[in-house]
1. Between residue 180 and residues 5 or more places away or on another chain, which pairs have amide H atoms under 5 Å apart, with H built 1.01 Å from N, and which residues are they?
2. If I take R0 = 30 Å and measure r between the Cβ atoms of residue 162 and residue 226 in this structure, what FRET efficiency does the formula 1/(1 + (r/R0)^6) give, to the nearest 0.05?
3. Evaluate the distance, in nm, between pseudo-label points positioned 7 Å from the Cα of residue 201 and of residue 35 along their respective Cα→Cβ axes.
4. If a paramagnetic tag sat 7 Å from the Cα of residue 234 along the Cα-Cβ line, which residues of the range 253-267 would have the backbone N under 19 Å from that point?
5. Order 31-37, 257-263 from most to least packed using the mean count of other Cβ atoms within 10 Å.
6. Which of the peptides 197-208, 81-92 is most tightly packed, and how do the rest follow, judged by the mean count of other Cβ atoms within 10 Å per residue?
7. Using 7 Å Cα-to-Cβ label points, what is the residue 2/residue 26 separation (nm, one decimal)?
8. Residue separation times 0.36 nm, minus the C-alpha to C-alpha distance between residue 109 and residue 174: what's the value?
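What follows draws every value from the coordinates through simple rules; no lab data is involved. Keep in mind that what you see is a predicted model, and the values were worked out from it rather than measured. All Cβ positions, even for glycine, are placed from backbone atoms using ideal geometry, and neighbour counts span all protein chains on display.
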Amino acid sequence: MKTLQIKTAQNVNIKFTAASVFQRLLAFIVDNVVKFSYFYFANKLFGFTILDDTINGDGWTIKAMEVLFFLPITFYSLYSELLMNGQTLGKKLLNIKVINIDGFKPATTDYIIRWFLRIVDFNLFLLLFVYVASLGLAEQYSLLVLLFIVGKLVGFFLILFTDKSQRFGDIIANTIVINLKDEVMFSQTILEEINDNYIPTYANVIKLSDNDARIIKETFKTAVQLNDYKTLIKLRSKILEVTEIKSVNATDKEFIDTVLKDYNFYTQNM
């Protein structure tokens with residue numbers, strides 16, 4: 001597996017293990033099984049022949065119903081990653097996840113871009129088919145089969161041969177897919193030692209994500225070791241901005257240390 005090293009805005013190097021092309025392929029297969037299962041059972045339940053009979057041949061109404069029928073399949077990857085924090089059912093099963101190239105949670109626009117560009121990564125056949133058909137070559141079945149295979153493999157080869165295992169949608173959206181089994185990943189890097197009778201100070205730390213807490217801890221540790229007070233000030237300001245909490249600690253070091261402990265308290269007891 002490829003190891004990715006990311007430099008955060010605080011100049012902290014963080015290592016991730018990129019999801020392998022086979023993990024992503026298996027996740028892709030699982031997600032397509034989900035899609036086909038929906039199509040099969042929904043079509044069995046609400047067959048289009050029933051629609052034809054009940055709508056009395058109203059072509060526009062039938063087309064509208066067909067569009068609604070396919071919406072859950074069409075937008076499956078997009079709404080899954082938005083609702084499941086960078087994962088689809090396939091990704092969750094394979095323990096992989098989409099993150100921003102800087103190590104943070106992708107923005108909504110990032111998810112939209114990588115979803116839209118699936119048409120290049122996995123459905124290039126559709127574009128090529130339209131072009132070939134426009135040339136009057138639609139009867140050349142061997143060419144169409146070749147185009148179908150090539151179109152489906154574009155994303156596969158990009159993931160296999162790019163430095164950060166990115167398909168075209170990832171490259172444009174500045175996202176990567178990581179393996180959550182990595183030894184330096186989330187839970188092991190954000191743990192703090194807290195007593196059983198620990199009383200938290202800042203409830204708003206729950207606005208942070210695991211990834212935010214990990215980056216804060218890495219930056220904090222480095223700044224303390226180097227006596228980098230400027231970074232501590234910037235880090236404190238950023239935490240205050242994101243969480244909107246009111247600091248009551250006397251020093252930057254005390255404040256950040258408390259934030260990390262509070263985050264562990266709330267995430268372990270929720």
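1. Sorted by chain and number, the residues that satisfy this are 96, 97.
2. Computed FRET efficiency for residue 162 and residue 226 comes out at 0.30.
3. Rounded to a tenth, the inter-label distance reads 5.0 nm.
4. Residues 253-257 qualify, since their backbone N sits under 19 Å from the label point.
5. Descending packing order for the listed peptides: 257-263, 31-37.
6. 81-92, 197-208
7. 2.0 nm
8. 22.3 nm
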